[in-house]
1. Which ones in the stretch 54-70 are hydrophobic (A, V, I, L, M, F, W, C) and either more than 22 Å from Lys147 (Cα to Cα) or within 19 Å of the chain's Cα centre (by Cα) (or both)?
2. Among the candidates Ser101, Ser47, single out the residue that is in contact with a helix residue (DSSP H, G or I) (Cβ under 6 Å, 6 or more places away or on another chain), polar (S, T, N, Q), under 30 Å from Val171 (Cα atoms) and not in a strand (DSSP E or B).
3. Go through the stretch 136-173 residue by residue and tally those that are surrounded by fewer than 18 Cβ atoms within 10 Å (Cβ to Cβ), aromatic (Phe, Trp, Tyr) and over 15 Å from Asn98 (Cβ atoms).
4. Scanning for something assigned to a strand (DSSP E or B), touching a residue at least 12 places away in the same chain (Cβ under 8 Å) and of a type in the set (A, V, I, L, M), does the stretch 55-69 turn up at least one residue?
5. Assuming Met221 fulfils every condition listed in (1) in a loop (DSSP other than H, G, I, E, B); (2) at pLDDT 85 or above apart from one, which condition is it?
6. Of the residues that sit in the stretch 104-135 and are over 30 Å from Ala62 (Cβ atoms) and in contact (Cβ under 8 Å) with a residue 24 or more places away in the chain, which one is surrounded by the fewest Cβ atoms within 10 Å (Cβ to Cβ)?
7. Answer yes or no as to whether Thr187 is outside any helix (DSSP H, G or I) and either among the acidic types (Asp, Glu) or in contact (Cβ under 8 Å) with a residue 24 or more places away in the chain (or both).
8. Please specify each residue of the stretch 70-91 satisfying the condition of being assigned to a loop (DSSP other than H, G, I, E, B), free of Cβ contacts under 8 Å to residues at least 12 places away in the same chain and loosely packed, with under 13 Cβ neighbours inside 10 Å.
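The values are calculated or read from the model by the stated rules, or taken from the named source; none is laboratory data. Please read these numbers as outputs of a predicted model, since none were measured by experiment. Heads up, the Cβs are rebuilt from the backbone with ideal geometry, glycines too, and the neighbour counts pull from every protein chain shown.
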Amino acid sequence: MSAIETLNESAAVPHNPSRVRFIRWLRRVHGWIGLWGAALGLLFGSSGILLNHRAVMRIDAARSQESTVQLPLPQPAPQSAQAMAEWLRDELGLDHPNLKSREEKAHPVAWGERDLVQPGHWQMSLTTPRMNVQADWWVGSAYVTLKRSDNNFFAVLGNLHKGVGLGAPWVLLADSLAGSIILLSLTGVILWTRLNRRRLAGAAIGIAGLVLTLALSLSAM
């Protein structure tokens, strides 16, 4: 720290030992919180820019390569959606805990003036930040339809930002970043008011930012 900065800080901070200790403690807290959120902040900040420009002023960086295939069923055919999911897990090498299955029983449906019976429908899905796999099979068909989307690096970043295909630990980790940002905002404002005497200018900047945010938010509704 230069002599001028030391002089300015000593002039800004009242010579009250308790206040000096509080400000020093607050600066340490501010710094450690910023260090904790640095890596996550870089991830969420860069992916947030891509997501913010996905429609207006579009940045066409996130892309997915999609493919669809028909896979013949084994003999004998699986007897349940769960058995189908286990077969696909082994057949396609999808050894992942997020593989899910859903079974819809056959049921009558109205089609115009006729009553038809829709056959059973089994669905399997696997979603991760890197890929998405969907499997559909109608009971009685000899083939199961497989759809797969493979995401590039930027699409993976966007999925990490949104928590797509991720569990509770990632959600809690992202929550810790959100809490860190809140604490950084609060401690930053307190430090600014304690160390800077131009409070009127600071209040004007803060109020202007709040008004601009509210105005843009209301105009978009």
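1. Ala55, Val56, Met57, Ile59, Ala61, Ala62
2. Result of the check over Ser101, Ser47: Ser47.
3. Selection size over the stretch 136-173: 4.
4. yes
5. (2)
6. If we take residues in the stretch 104-135 being over 30 Å from Ala62 (Cβ atoms) and in contact (Cβ under 8 Å) with a residue 24 or more places away in the chain, then Ala106 is surrounded by the fewest Cβ atoms within 10 Å (Cβ to Cβ).
7. no
8. Those that are assigned to a loop (DSSP other than H, G, I, E, B), free of Cβ contacts under 8 Å to residues at least 12 places away in the same chain and loosely packed, with under 13 Cβ neighbours inside 10 Å: Gln75, Pro76, Gln79.
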